[in-house]
Amino acid sequence: MPRKRRKRKLNIKGVFFVFIIFLALFSFLIFNFYNDSLKAPSKVSEEVVFTVNSGDSTKKVLNNLKTNGLIKNIDTALIYIKLNNLSNIKAGDYILNKNWNVKEIFEFINNSTNAISDDVKVTIIEGDWAKDIAKKISEKLGISSDELINLWNDENYIRSIMVDYPFLTEEIFNENVRIKLEGYLFPETYLFAKDSTKEEVTKKLLDQTLKVYKEYKDKIDSSNLSVHKLFTLASIVQYEASKEEDMKLIAGVFYNRLNINMKLQSSVTVCYAIDKEKNDDWMKCEVNPNFDSPYNTYKYNGLPPGPILNPGKVAIEATLNPSNSNYLYFMADVYGDGKVYYAETYEEHSKNVRKYLR
């Protein structure tokens, strides 16, 4: 009997020892996860204009930071700021950086003197035309929109800055291109000094495009399309779709058509060709397939002379990483939920059109 009790005591000690080891390991992993999640999301410097609105809750600010790629984890950031009394967030516009950690960000936005007071904020959205962007800038900075458009079409000026922006190539000087910098004015929220010149504004937009170009340079270099053609195709993909999944599938459809020398037949290129405003009836594009313009992909093979709008990062990435399929056709249920339907044959496509558009 004494021996049996001794053996039982040893087993209990063993189990307790294993439990302690497990607890220590678990605590170590949790500690590492916590610390890692508080680190900066990126090692590369990238400034982001971040707005804290009056009345925003701490959770709302954290969600917005996560959406903007400025923090890794909402829950651990919340724990950190509560433990360190950093919840006194001040309303305002701030210039934050993706290489800042949680401590640096919240110490910064807890200090109202860090908020921007004199600069003007202009938001360019994915899909804006150059003329839309010029109008927005004109309204905020007082620079004539015509002056901006003229600058964005000035070959001498563009050639003078091409050395700084390798994505600007000779192809943009095609005589059929409507606005030479169309497609390269990157969608983002910008802060401009009130006395900014049209050249300073333009360079700030192109600097943001340069960041995205550098991020995808390897894929761009390995593509069968030139950088100008990639931006052109990305602009069509941006106009045709709103969801990332559809962007990739639609990009694949266009690649399939290009590979067999089939016209793209994209109605959104007709929209640009006839200079249709976005709030017009979309049918104006659909009923003008014979409109005579080099941008009209119903009349002319291949891609149009240049981008038809300014695409965002998701559309550029989708164009560089299209979904493989045998689809040659697609259409969106514009009268319903907007779902996009794909088809491999014209017969299948016609059935979709009859079912969802008539």
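The values are calculated or read from the model by the stated rules, or taken from the named source; none is laboratory data. Because the structure is predicted, anything quoted here is derived from the model rather than measured. Backbone-built Cβ (ideal geometry, glycine too); neighbour counts: all protein chains shown. Keep in mind that these areas ignore ligands, DNA and RNA; they rest on the heavy atoms of the full protein, side chains included. Shrake-Rupley method; radii C 1.70, N 1.55, O 1.52, S 1.80 Å.
Of the candidates L309, L328, the single residue that is closer than 28 Å to L206 by Cβ, of a type in the set (A, V, I, L, M) and surrounded by 15 or more Cβ atoms within 10 Å (Cβ to Cβ) is L309.
Whenever a residue of region 165-177 is without any contact (Cβ under 8 Å) to a residue 60 or more places away in the chain, its partners that are open to solvent by less than 10 Å² (accessible area, probe 1.4 Å), lying with C-beta atoms within less than 6 angstrom and at least six residues away or across chains, give the pairs Y165/L206; T169/H228. Scanning region 143-186 for residues that are buried (at least 17 other Cβ atoms within 10 Å of the Cβ) and among the small types (G, A, S), we see that the one that is nearest to Y216 (Cα to Cα) is G183.
For region 330-340, the count of residues that are more than 30 Å from E188 (Cβ to Cβ) and in contact with a strand residue (DSSP E or B) (Cβ under 9 Å, 6 or more places away or on another chain) is at least one.
When the helices (runs of 4 or more DSSP H) confined to region 39-142 are screened for residues that are open to solvent by 30 Å² or more (accessible area, probe 1.4 Å) and under 30 Å from G306 (Cα atoms), those reaching at least 2 such residues are found at 130-141. Among the residues of region 131-139, some residue qualifies, meaning at least one is among the polar types (S, T, N, Q), over 14 Å from L206 (Cα atoms) and either under 24 Å from the mean Cα position of the chain (by Cα) or at pLDDT 95 or above (or both).
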